[in-house]
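Participant: Input: one structure, supplied below.
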Amino acid sequence: MYPANFDYVRPSSVDEAVALLQKHGDDAKVLAGGHSLIPAMKLRLAQPHVVIDIGRIATLSYIREAGGTIAIGATTTHSEVETSKLLREKCPLLSETASHIGDLQVRNKGTIGGSLVHADPASDYPAPILALEAEIDLVGPRGKRTVRADQFFVDLLQTAIAADEILTEVRVPVTSPSVAYIKTEQKASGFALAGVAVVASPSGVRVGVTGVAPKAYRATAVEQTIGNQRTAHAIELAAAHAADGVEPLGDIHASAQFRAHLARVNTRRALERALSR
Amino acid sequence: MWPPRVRKVKLTVSHSVPADRQRVFDALGDPAILRRCIPGCESLTATAPDAYEATLKIGVPGIKGVYAGIAAISDKHPPESLTLSFEGKGGPGFVRGSAAIVLSPGEAATRVGCEADVQVGGLIAAVGSRLIEATARKLAGDFFNQLSKEMSATT
Amino acid sequence: MSDATPYIGRAMKRVEDPRLIQGLGTYTDDLRLAGLLHACILRSPHAHARIRRIETSAAKAIPGVVAVFTGADVNDSCGAVPCAAAIPDLKAPRHTVLAGDRVYFVGHAVAVAVATDPYIACDAIDEIEVDYDPLPAVVNAMEALKSGSALTHPDMGANVAFTHVVNGGSDIDAAFRNADRIIKHRLYHQRLTPMPIEPRAVVASYHRGEGTLTLWTSTQIPHLLRTLLPNMLGIPETKLRIVAPEVGGGFGAKLNVYAEEALCAHLAMRLSAPVKWVESRRENAASTIHGRDQIGDYEVAVKNDGRILGLKATSVADLGAYLQLLTPAVPTLTGLVLTGCYKIPAIRFEVVGVYTNKMATDAYRGAGRPEATYLIERLMDVVANELKIDRLDLRLKHFPAPGDFPFATSCGVTYDSGNYQGTLAKAKQLADWDALMADRKAARAAGKLFGVGVSTYVEICAMGPSKAMPAGGWEWGCVRMEISAKVTVITGVTPHGQGQETSFAQIVADRLGVPIEDVAVLKGDTNVAHYGRDTYGSRGTAVGGTAIVMSVDKVIKKAKTLAAHLFETLDDYVVFENGKFKAPGITAREIAWSELAAEAYLAKNLPAGFEPGLEASSFFEPENFTFPFGTHICAVEVDRDTGEVAITKYVAVDDCGNQINPLLVEGQVQGGIAHAIGQALFEQTIYDENGQLLTGEFMDYAIPRATDIPEYTLGSTVTPSPVNPLGVKGVGEAGTIGATPAIANAVIDALTPLGVVHLDLPMTPERIWRAMQTRTVATV
């Protein structure tokens, strides 16, 4: 449990961090809350030569409202997301989801930006990020670009972020309270075997699913099937499509078949809950 | 069943490569092409006919391991099928396996079907079991995507 | 007595806790010695392989690396890891501290690097190159028994280590001939990883001048180590000091002699420097003993009226690759309580121990008794269901009456005391049984999967009579009334969370009539506690506590002689009450301990022939084990969609005899039930078919968390044990033993309306969901 040798640098601004990333390239890893990187380093699965700690860049930690959206800084912790009055009132899905992440210690240290960039296929945030159609800002040597949630998650542990970019901000829309996140936990790790986030509005619903496939996905078949119907029967019919078109993961904790089943069950439950709110 | 029987990772991948069967078959035995297509391949040299030594830096972002490995091709039935066996070891553990590769003709493309048995051991098995299958699938996908690019580029 | 109420029987908080809660405890890893070197161990990634070559030169070249050793360097000078179990015709491989030319399981120690800091030691490990030739691995004990199976140890020629058969009671064949029905069932006890929060840790320091070796190790058994390590190290026990500092959880996993303990000692001697090794979590999962892993086929001979005539059990125990201290003994313990709380006149028990390319199994919380209890309690439900008899009536019908004790069972042991009807009645009352049955009926009518499970268990504690214990089962204790009238108690048991620093102080303070604050309990250091057989098998209070009681009584007796001398009277006229010596009718003078102790040690005025000092020590040899028992009732609701189990009610009524400290009893029961929840619902150690360990971390091995624990309703009855003067039985393992079958029975009861009659442990959501799929149409 002793990491290999590494250099530690603590930039004081995003620009400085980006410059460091440029300089060290593949040899560097960005550290935010450290809840994915540090365990991998302690097991020596990850052996970066340089660790760039962005956790002390004060300007990266905030939750604020601007023009109908809520902007969340990259190093905002899960517990800050969970307890934010602003989010609880105006985008409760994110707070609800954050409350399901890990345990209290993890939530106190882990950050939304770190979690999204790591893109663990069973992490919680991707589900609401997709369902909310969030926007994600990435800053690199070429400046800032904004990536839509559905473009962000590329593959297993892989996102649209380039090696020399840093995720700086996530923006989510203000929503009605008709949202829900329902998750079945992997018993040991607490990660999602199937986590389903639903954002409902009179015109339709959006469904994000995590834990089931190599990357989180929008359950578009569910969204299309339910349309603007709201009956229990319609919910049940729609939820049955929650794992359509994906190749579910299977491991010692849940077979692919069971994960797909849980996706359907949790989709039904999340729809029911969101629509009852 | 008890004790729980956990299968080693079985991977079934099918990919369409835009070239005729013979070209694809030849490409799968061409060290230069293989080096370009195998994800994370840092070196690959032929040590004997159909036998290679390679250094791979593979994994997923942030969790990469360097593996030194050997690979061999057997059961060659040009241009229809071949078997690739491989063995690699590195700091995080070892990977061993074999892949039965079947090439079937399609329209302006060759369908490459690959059935692989992969055994993973050591640290990666102990701590990464939930990601192994997905990683293997991704690496196979990356390989065929690159091979397709390679084939279309030289068409 | 310093207080009107005695300390014994009081629910007192532990005196250990303030230091532990404040982070002031000293664990092995907290030790800092000048010149300390750090060891890191390279372990096999293969379940079975031949080692062609090990290249260590690159590792040795790293600045800060002091030494790198392989099996070839140490196995000749460091002896083999011992197994203490006495099983006839046991076939055992030589268990060297590092692998020789083969590795036999994932995690097998191959080489060790010693460096000036732990980071460098780990760097060195990464630079050692081992060329392995992988060989077929044996991972399934049942498959291993088949002819033509690959061999775990090819040089041994077979995978079977031993076959142990017990025939007990009346004629088993006659029982089966006379049966109306024979009910067969296969039950599995999955492999479990003990996962103490503190992994193993060792610091070894050799004093070249004195020729003495001190070994600090996170162990339950410093005294057994002192007995067994001399053979491995070539140091006489008189030059060996073993210290168990704070131990952060043992659960049986630290009831062992491990290769790393001998290896660190060997390194310290060889390198003339203190050496520390601290196990990582990953190593702990792979290379510290596992528990359970028994596969059993059971047959019950019954009459149609429910009478059980006999029980046959054939059990295959997966031992892993090596025998650790008690590996083969654990499954044989199952045979001692096979009949549970029941009068079953005939038994036959056969256990076959099988080698596989996995970590060794050994004693884990309950060690053999959970296996027996799970099977008999499942079988009682199976028999009741099959014969359409009420499961409680079936149990009651087979209980011995309270007057039948001591009760000799057909398994060959004699239960010391019991009132099984009493715990069952009290548990029913606490659970509000009739209301619970009404709830179940209503829930089922509403389409819910609601189940109630019962387990009435008996287990074996206070281990034990020396005849039955490989290393002797006595215990030693010492009590010293100091010159300051403070009391030092030294125990040979090595509590590591059981709380005997508190409970022994309660016992001694009461008997000596001193405030509990004046009593200090010392333990865990063989230079302090010279003799001991340590802590396991719920023996601490029943055996170790008795040695303390004997010693206190000797001190009081000696003190009376001195008091009589001071009163100028005879011993017989001296009365000892509330911490004061008196001679009623002779003098009004009272002598307190402060005065008497000063007299005893200053020795100015002692009776003729009286040895100065007030100290006594005692060995206690128990005449029998003790047999605590109880009834657990569990109610669960199963989620029809996801297969998740929610425990909605948990009632446990345990009888561990007299209770010294009910708070400690409750704590043990609570923790024990938590272990059982893990085993019943989600814990399992998984090796894949190549022998790769897939549950190497807390990310993949689920242990119960606070949120998994329901509100418990705990009760107790008190049936004192006649085996020791305290009347105590032991409670360290009761929760684990009693609860697993109660939970399992409840889950199966919940699924009964769907026609499910059996599920294997652990009853995970997916396993339950699959069982439901085969019976009902899938609902989304």
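The values are calculated or read from the model by the stated rules, or taken from the named source; none is laboratory data. Note that the coordinates shown come from a computational prediction; the quantities given were computed from them, not determined experimentally. Here the Cβ positions follow ideal geometry from the backbone for every residue, glycine too, while neighbour counts run over all protein chains shown. Ligands, DNA and RNA are stripped out before the accessible areas are found, and what is left, the full protein with its side chains, is counted by its heavy atoms. Shrake-Rupley method; radii C 1.70, N 1.55, O 1.52, S 1.80 Å.
Participant: Within the stretch C:228-239, identify whether any single residue is more than 22 Å from C:Ala109 (Cα to Cα) and open to solvent by less than 30 Å² (accessible area, probe 1.4 Å), and answer yes or no.
Facilitator: As a first pass, look at the stretch C:228-239 and keep what is more than 22 Å from C:Ala109 (Cα to Cα): C:235-239.
Imposing the further condition that a residue be open to solvent by less than 30 Å² (accessible area, probe 1.4 Å) reduces the set to C:235.
Yes, the stretch C:228-239 contains a residue that is more than 22 Å from C:Ala109 (Cα to Cα) and open to solvent by less than 30 Å² (accessible area, probe 1.4 Å).
Participant: Oh, and also: C:Ala121 versus (1) open to solvent by 20 Å² or more (accessible area, probe 1.4 Å); (2) under 14 Å from C:Arg43 (Cα atoms); (3) outside any loop (DSSP other than H, G, I, E, B): which is the lone unmet condition?
Facilitator: (1)
Participant: How about the stretch B:98-155: which of its residues are modelled with pLDDT of 80 or more, outside any strand (DSSP E or B), open to solvent by 20 Å² or more (accessible area, probe 1.4 Å) and touching a helix residue (DSSP H, G or I) at 6+ places or on another chain (Cβ under 7 Å)?
Facilitator: B:Phe143, B:Gln146, B:Glu150
Participant: What about A:Glu169, is it at pLDDT 95 or above and away from chain C (no Cβ under 14 Å)? If you could, list the steps in order and put the result at the bottom.
Facilitator: Details: at pLDDT 95 or above: yes; away from chain C (no Cβ under 14 Å): yes.
Spelling it out, A:Glu169 is indeed at pLDDT 95 or above and away from chain C (no Cβ under 14 Å).
Matching residues to (1) charged (D, E, K, R); (2) farther than 27 Å from C:Asn159 by Cβ; (3) touching a Cys at 6+ places or on another chain (Cβ under 7 Å):
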residue	(1), (2), (3)
C:Arg52	yes, no, no
C:Ile62	no, yes, no
C:Tyr119	no, yes, no
C:Cys122	no, yes, yes
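Participant: Here's something else I'd like to know. Please enumerate the residues belonging to the stretch C:7-22 that are open to solvent by 50 Å² or more (accessible area, probe 1.4 Å) and either at pLDDT below 95 or not in a loop (DSSP other than H, G, I, E, B) (or both).
Facilitator: Across the stretch C:7-22, the qualifying residues are C:Pro18, C:Arg19, C:Leu20, C:Ile21.
Participant: Given the residues C:Thr626, C:Thr642, which is the only one that is open to solvent by less than 30 Å² (accessible area, probe 1.4 Å) and within 14 Å of another protein chain (Cβ to nearest Cβ)?
Facilitator: Details: C:Thr626 fails: within 14 Å of another protein chain (Cβ to nearest Cβ).
Every option except C:Thr642 fails the conditions.
Participant: Quick check on my filter: what residues within the stretch C:398-446 are among the hydrophobic types (A, V, I, L, M, F, W, C), assigned to a loop (DSSP other than H, G, I, E, B) and in contact with a strand residue (DSSP E or B) (Cβ under 7 Å, 6 or more places away or on another chain)? Full working, then the answer.
Facilitator: Filtering the stretch C:398-446 down to residues among the hydrophobic types (A, V, I, L, M, F, W, C) leaves C:399, C:401, C:405, C:407-408, C:411, C:413, C:424-425, C:427, C:430-431, C:433, C:435-438, C:442-443, C:445-446.
Adding the requirement that they be assigned to a loop (DSSP other than H, G, I, E, B) leaves C:399, C:401, C:405, C:411, C:413, C:446.
Within the stretch C:398-446, C:Phe405, C:Cys411 qualify.
Participant: Just one of C:Ala435, C:Ala468 is in contact (Cβ under 8 Å) with a residue 60 or more places away in the chain and surrounded by fewer than 20 Cβ atoms within 10 Å (Cβ to Cβ); which is it? Step through it out loud before you land on a result.
Facilitator: Numbers: C:Ala435 fails: in contact (Cβ under 8 Å) with a residue 60 or more places away in the chain.
The conditions single out C:Ala468.
Participant: Which one is nearest to A:Leu37 (Cα to Cα) among residues in the stretch A:96-114 that are open to solvent by 10 Å² or more (accessible area, probe 1.4 Å) and part of a helix (DSSP H, G or I)?
Facilitator: Among those residues, the one meeting the criterion is A:Gly114.
Participant: Looking only at residues in the stretch C:282-314 that are within 14 Å of chain B (Cβ to nearest Cβ) and under 30 Å from C:Asp180 (Cα atoms), which one is surrounded by the most Cβ atoms within 10 Å (Cβ to Cβ)?
Facilitator: My answer is C:Gln294.
Participant: Let me ask something additional. Residues that are without any contact (Cβ under 8 Å) to a residue 24 or more places away in the chain: list the strands (runs of 3 or more DSSP E) wholly contained in the stretch A:115-222 that include at least 3 such residues. Let's see the steps before the verdict.
Facilitator: Working: elements: A:135-140, A:143-148, A:153-155, A:166-173, A:179-185, A:192-201, A:204-210.
Passing ranges, in order: A:143-148.
Participant: Moving to a separate point now. From the residues in the stretch A:25-51 that are facing chain B (nearest Cβ under 8 Å) and either part of a helix (DSSP H, G or I) or hydroxyl-bearing (Ser, Thr, Tyr) (or both), which one is nearest to A:Asp7 (Cα to Cα)?
Facilitator: A:Leu37
Participant: If C:Ile703 meets every condition in (1) β-branched (Val, Ile, Thr); (2) open to solvent by 10 Å² or more (accessible area, probe 1.4 Å); (3) more than 30 Å from B:Gly121 (Cβ to Cβ) apart from one, which number is that one?
Facilitator: Of everything listed in (1) β-branched (Val, Ile, Thr); (2) open to solvent by 10 Å² or more (accessible area, probe 1.4 Å); (3) more than 30 Å from B:Gly121 (Cβ to Cβ), C:Ile703 misses just condition (3).
Participant: Another question about this same structure. Given the criteria in the same structural domain as C:Leu309 (by TED's automatic domain parsing), touching a residue at least 24 places away in the same chain (Cβ under 8 Å), touching a helix residue (DSSP H, G or I) at 6+ places or on another chain (Cβ under 7 Å) and open to solvent by less than 10 Å² (accessible area, probe 1.4 Å), does C:Thr456 qualify?
Facilitator: Numbers: in the same structural domain as C:Leu309 (by TED's automatic domain parsing): yes; touching a residue at least 24 places away in the same chain (Cβ under 8 Å): yes; touching a helix residue (DSSP H, G or I) at 6+ places or on another chain (Cβ under 7 Å): yes; open to solvent by less than 10 Å² (accessible area, probe 1.4 Å): yes.
Judged against the criteria, C:Thr456 is a match.
Participant: What is the one condition in (1) assigned to a strand (DSSP E or B); (2) hydrophobic (A, V, I, L, M, F, W, C); (3) modelled with pLDDT of 95 or more; (4) surrounded by fewer than 24 Cβ atoms within 10 Å (Cβ to Cβ) that C:Ala317 does not satisfy?
Facilitator: Going through the list (1) assigned to a strand (DSSP E or B); (2) hydrophobic (A, V, I, L, M, F, W, C); (3) modelled with pLDDT of 95 or more; (4) surrounded by fewer than 24 Cβ atoms within 10 Å (Cβ to Cβ), C:Ala317 breaks only (4).
Participant: Among the listed residues C:Ile686, C:Ile709, C:Ile743, identify the single one that is crowded, with 20+ Cβ neighbours inside 10 Å, of a type in the set (A, V, I, L, M) and more than 14 Å from chain B (Cβ to nearest Cβ). Steps first, answer last, please.
Facilitator: Working: C:Ile686 fails: more than 14 Å from chain B (Cβ to nearest Cβ); C:Ile709 fails: crowded, with 20+ Cβ neighbours inside 10 Å.
Result of the check over C:Ile686, C:Ile709, C:Ile743: C:Ile743.
Participant: In addition: Here are the criteria: (1) in contact (Cβ under 8 Å) with a residue 40 or more places away in the chain; (2) open to solvent by 10 Å² or more (accessible area, probe 1.4 Å); (3) assigned to a loop (DSSP other than H, G, I, E, B). Tell me which single one C:Asp76 does not satisfy.
Facilitator: Of the numbered conditions (1) in contact (Cβ under 8 Å) with a residue 40 or more places away in the chain; (2) open to solvent by 10 Å² or more (accessible area, probe 1.4 Å); (3) assigned to a loop (DSSP other than H, G, I, E, B), the odd one out for C:Asp76 is (1).
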